[in-house]
Amino acid sequence: MGEEPSEKPRLLSGGNPQIPKGDGDEPVQAYIAAMPGWKQELGRHLDTLITGAVPHVRKAVRWNSPFYGVEGNGWFLSFHCFAKYVKITWLNGSSLDPLPPDDSKHKHVRYLNLHEDDTPDEALLTDWIRQAAALPGEDLF
């Protein structure tokens, strides 16, 4: 007899959920539901902030990460679980004001790493989300 399919997605190194590539809200919600521990609440909160700030946001999962974009304008944000933090990737982050704190080897990308005990500045996050959505994004796929 074969094995029963697992109800929960496999967690990759660092606790990042392995979610099949997909477009729309459903794969993003599957990713968030599979985020381990405190990261799941953070993922839900980020998704709520993004959809509140950009009502017609486009969503997809690629490379085991949720991506957010604007139709015809590219992708502006993704996030990814690591062992001790969730990394928010601002794909056009070098154009945000103020700049997100962490550099990237990619010219236009900036990062914000959120740890379990961090209290993110919601007003700043919402402002960055709105700025990023209004700027040209990346056509990654």
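I'd like the orientation of helix 25-34 relative to the chain: the angle between its Cα long axis and the longest Cα principal axis, in ° from 0 to 90, rounded to 10.
Once rounded, one gets 70 degrees.
For labels at R10 and H106 in the simple 7 Å Cα→Cβ model, what's the distance in nm?
Placing both labels 7 Å along Cα→Cβ, they lie 2.5 nm apart.
Going by amide H atoms built from the backbone, whose H comes under 5 Å of the H on R58, apart from near neighbours?
Sorted by chain and number, the residues that satisfy this are G69, V70, E71.
For helix 38-53, report the angle its Cα long axis makes with the longest principal axis of the Cα atoms of the chain; keep it between 0 and 90° and round to the nearest 10°.
Between helix and principal axis, roughly 50 degrees.
Please state the shape class of region 13-134: rounded when a/c is under 1.5, otherwise prolate if a/b exceeds b/c and oblate if not, all from the C-alpha gyration tensor.
The shape class here is rounded.
Within 10 Å, count the other beta carbons around each residue, average over each peptide in 93-102, 38-47, and list them highest first.
38-47, 93-102
What percent does the relative contact order of region 13-134 come to when contacts are Cα pairs within less than 8 Å and at least six residues apart?
The normalised contact order for region 13-134 reaches 22 percent.
Taking R0 as 22 Å, what FRET efficiency do you get between D121 and A83 from their Cβ-Cβ distance, rounded to the nearest 0.05?
0.40
What angle, in degrees between 0 and 90 and rounded to the nearest 10, separates the Cα long axis of helix 122-134 from the longest principal axis of the Cα atoms of the chain?
Between the helix axis and the principal axis of the chain, the angle is about 80 degrees.
Can you give the FRET efficiency to the nearest 0.05 for L99 and A30, using r as the Cβ-Cβ distance and R₀ = 30 Å?
The pair L99/A30 has a calculated efficiency of 0.40.
Under the Karplus relation 6.51 cos²θ - 1.76 cosθ + 1.60, θ = phi - 60°, what is the ordered set of whole-Hz ³J(HN,Hα) values for region 61-68, x standing for Gly and Pro?
Values, residue by residue: 10, 9, 6, 6, 8, x, 10, 10 Hz.
Bear in mind these aren't lab numbers, they're just calculated from the coordinates by the rules spelled out. Here the structure is a predicted model, which means the values were calculated and not measured. FYI the Cβ positions are ideal-geometry reconstructions off the backbone, even for glycines, and counts take in every protein chain you see.
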